[in-house]
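These notes are about the structure you will find just below.
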Amino acid sequence: MSIKLNTISKFADLKTTRSTWRHNNQTIALVPTMGALHEGHLSLVKLAHTVASKVIVSIFVNPKQFGQGEDLDEYPRDLNSDLGKLEEIGVDLVYAPDADQIYPHGFSTVISVTGISEGLCGASRPHFFGGVATVVTKLLLHCTPDIAIFGEKDYQQLLVIRRLVTDLDLPVDVMGGPIVRESDGLALSSRNIYLSKQDRQTAPMLHKALMSTRAQLLKGVSMHQVASQTTDQLIKAGFKLDYFELRDANTLAPMDQYGGQPARLLIATTLGRTRLIDNIAVIG
Ligand code: PAF
């Protein structure tokens, strides 16, 4: 297939396009991705079209958010297939920067968002949010969007980015897009392709665990009462549990009991060699 999308890999070229758009009073939405696009990403692009007149999708596998021994080398990369998917739904520009456009020789800065990035994924992947915050800051400065859209599947990431944007007075609105799921409940993720056939059948248990726990919490049962039975079932099924927690939906402060304020139930596990994370809102 010949791809006709406007794809840019140099910051200088992006600047030129962006200035023309600004000159014509266009608004810009950015959907940052690491490629390996699936329906979850495409739903964010569709959302972007409803909130701005120009849509940029960035594709950059950010080495700084992978720790030693993680899957940087095998992370799925197929730019042509990604461009094909984007061409089908339509975007105005794909920014797929060369690595030196984001991290030029001598790059030494790490953006560190404290508090909200500690605990949950930040505890088991201590390098992760520093890497995310650094690359997202660069992408926001390069693309200068009015709106930037991130999936709620990485819920802690979304809150870290909101904090970053607030703290640095970055002139952009951060929007979350809802999680997209397979028909059996498994949240879409670029990493799902690592799942063996058998693990793929087991993986939807995560969403079921979230749903049944939420039902109990809404009846007034405490997290510590409900969680132990659920985690036992998950462990028996082959999951290695990283965390399974009820948190305040805005601050991520730990909670044991649902008391009416917006809360989020978050889980992270490994199944086989695949790290799976998921979450749902708890609202009465
Ligand atoms: O969620 C992702 O795909 C990445 O963490 C992001 C936000 C594109 C930064 O590399």
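The values are calculated or read from the model by the stated rules, or taken from the named source; none is laboratory data. Please read all numbers here as calculations on a predicted model, not as lab measurements. Methodologically, a virtual Cβ is constructed for each residue, glycine included, from the backbone with ideal geometry; neighbour enumeration extends over all protein chains shown. These accessible areas exclude ligands, DNA and RNA; they are computed on the full protein's heavy atoms, side chains included. Shrake-Rupley method; radii C 1.70, N 1.55, O 1.52, S 1.80 Å.
For this structure, a couple of remarks:
- Whole-angstrom gap from segment 3-40 to segment 150-189, using each part's C-alpha centre: 19 Å
- Degrees separating the helix 11-23 axis from the principal Cα axis of the chain, which is the longest one: 80 degrees
- Mean residue ellipticity (222 nm) of the chain, computed from DSSP H runs ≥ 4 via -39,500 (n - 2.57), nearest 500: -11500 deg cm²/dmol
- Label zone of residue 49 (point 7 Å out along Cα→Cβ, amide N under 18 Å): in segment 4-23 this covers 4-7.
- Gained length - residue 240 relative to residue 183, 0.36 nm times residue gap less alpha-carbon distance: 18.1 nm
- The residues of the chain have, on average, 47 Å² of accessible surface per residue, using a 1.4 Å probe with all protein chains present.
- Amide H contacts under 5 Å for residue 71, placed H, 5+ residues apart: none
- Sequence of 162, 191 from largest to smallest accessible area, 1.4 Å probe: 162, 191
- Solvent-accessible surface (1.4 angstrom probe) belonging to residue 117, in square angstrom, nearest 10: 20 Å²
- Here r is the Cβ-Cβ distance between residue 15 and residue 261 and R0 is 35 Å; the resulting FRET efficiency, rounded to 0.05, is 0.20.
- Extension gain, residue 197 to residue 168, is 6.0 nm, computed as 0.36 nm per intervening residue step minus the present C-alpha separation.
- Helix axis angle, 128-143 relative to the chain longest principal axis, alpha carbon, degrees: 30 degrees
- Estimated from the Cβ-Cβ distance and a Förster radius of 30 angstrom, the FRET efficiency linking residue 141 and residue 273 is about 0.30.
- Pairwise FRET efficiency - residue 281 versus residue 225, Cβ, R0 = 30 Å, nearest 0.05: 0.90
- Student exercise, the chain dipole from Lys, Arg, Asp, Glu Cβ charges, in Debye to nearest 20: 220 debye
- Ranking by accessible area, most exposed first, for 144, 231, 166 with a 1.4 Å probe: 166, 144, 231
- Apportionment of accessible area to carbon and sulfur, segment 1-116, percent (1.4 Å): 50 percent
- Measuring nothing but how far apart in sequence close Cα pairs (under 8 Å, 6+ apart) lie, relative to its length, the chain scores a relative contact order of 17 percent.
- For the set 41, 105, 127, the ranking by accessible area, highest first and with no ligand, DNA or RNA atoms included, is 105, 127, 41 under a 1.4 Å probe.
- Spatially close lysines, pair count over segment 1-155: Cα under 15 Å, gap of eight or more or interchain: 7
- Kirkwood estimate for the chain, i.e. one over the average of 1/r between Cα atoms, Å: 19.9 Å
- Acute angle (nearest 10 degrees) that the helix 223-236 long axis makes with the longest principal axis of the chain, alpha-carbon atoms: 80 degrees
- Fraction of antiparallel bridges per DSSP, the chain only, in percent to nearest 5: 55 percent
- Only protein heavy atoms count here; under a 1.4 Å probe, residue 193 has an accessible surface of about 120 Å².
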